[in-house]
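Notes for the one structure printed next.
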Amino acid sequence: MNADIWIGVAAGISTTLQMTAIGFIGGAILGIPLVFMRLSNIHVIRWGTRAFIELVRGIPMLVWLFLVFNGPTQFDPSLGRVFTSFNSAVIVLCVVSGVYMAEVYRGAVRAISKNQWEASDALGLRTFDKLRFVIGPQVGRVAIPSAANYAIGLVKDSSLISTIGVFEITYYATNLYGTLSSPVPFYVAGIYYLMITVPSAWLARTMDQRLRSKVAA
């Protein structure tokens, strides 16, 4: 394979990692208030949050990218300076990640034994202290492996942002394909993705094995 192809596609690695990190961290933060609202005792808040989560999850990320990138400018062309390809990608990655992370957190909360909640009540802990010292650490241990697996998937999903002009791995591979009329740039892109995701998957499995054994029954 031509070295220029490897170098050309590699130009997008830093952006792929950057966008994945931004999307994951933003989603991890957004998921916290979403899961609290999802588990709220207030019917309107709980069902409203559920409807929002289902709406975001029910529409493909590619469609959201086009809606956010192109939609606002249909009402006011000047909004194109705000909804740039980079900003639109950040918004979509963070929001989509946020709803998925909310479900990861919710599953982790449900996985905590009822005995842990009862023990916290028996100690007379306030809700904040209960979440901080007893439930929270265990939720983290349960959620981290699933969150790590989602992050791996997000690396691959980030390839979709190339469709709105973000210069990541797939964007450069597509440009080189158009220039060379050869699928080789996509083979190279696939190898780069594997170089990122395979070690990450191994790390996620290792974390899963270690952390699940530390969750109290």
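The values are calculated or read from the model by the stated rules, or taken from the named source; none is laboratory data. Because the structure is a prediction, the values reported are computed rather than measured. Cβ: placed from backbone, ideal geometry, glycine included. Neighbour counts: every protein chain shown. Remember, those area values only see protein heavy atoms, side chains included, never the ligands or the DNA or RNA. Shrake-Rupley method; radii C 1.70, N 1.55, O 1.52, S 1.80 Å.
Kindly identify region 1-122 as rounded, prolate or oblate by the Cα gyration tensor criterion: order the square roots of the eigenvalues as a ≥ b ≥ c, call it rounded if a/c is under 1.5, otherwise compare a/b with b/c, prolate if a/b is larger, else oblate.
Judged from the Cα gyration tensor, region 1-122 comes out oblate (a/c at least 1.5, b/c at or above a/b).
For PHE36, the shell of other residues with beta-carbons less than 11 Å away shows a net charge of +3, using +1 for Lys and Arg and -1 for Asp and Glu. Using only Cα positions of region 116-155, each an equal point scatterer, no hydration layer, compute I(q)/I(0) via Debye at q = 0.14, 0.28, 0.32 Å⁻¹ and quote the log10 values to two decimals. Values returned for q = 0.14, 0.28, 0.32 Å⁻¹ are -0.41, -0.84, -0.97.
What does the C-alpha gyration tensor say about the overall shape of region 56-116? Classify as rounded when a/c is under 1.5, otherwise prolate if a/b is larger than b/c, or oblate. Judged from the Cα gyration tensor, region 56-116 comes out prolate (a/c at least 1.5, a/b above b/c). Long hydrophobic helices in the chain, taken as whole DSSP H segments with a C-alpha length of 15 Å or more on their own axis and mean Kyte-Doolittle hydropathy at least 0.0: 13-38, 43-58, 61-75, 85-111, 136-157, 169-180, 184-212. Under a model in which nothing but the beta-carbon of Lys, Arg (+1) and Asp, Glu (-1) is charged, region 82-217 shows a dipole of about 520 debye around its Cα centre.
Of the peptides 41-53, 131-143, the order by per-residue mean of other Cβ atoms within 10 Å, starting with the highest, comes out as 131-143, 41-53. Over the chain, accessible surface divided per residue gives 55 Å², non-protein components excluded, 1.4 Å probe.
Once Rg/Rh (Cα atoms, Kirkwood Rh) is worked out from the coordinates, which option in (i) 1.15; (ii) 1.06; (iii) 0.98 does it equal? Checked against the structure: label (ii). Placing unit charges on the Cβ atoms of the charged side chains and taking the dipole of the chain about its Cα centre, the candidate lying farthest along the positive direction among ILE59, SER158, SER120 is SER120.
Whenever you get a sec, compute what percent of the accessible area on the chain sits on carbon and sulfur atoms (1.4 Å probe).
It is 65 percent, rounded to a whole number.
Each label was represented as a point 7 Å from its Cα along the Cα-to-Cβ direction; for TYR187 and ASP4 these points are 1.8 nm apart.
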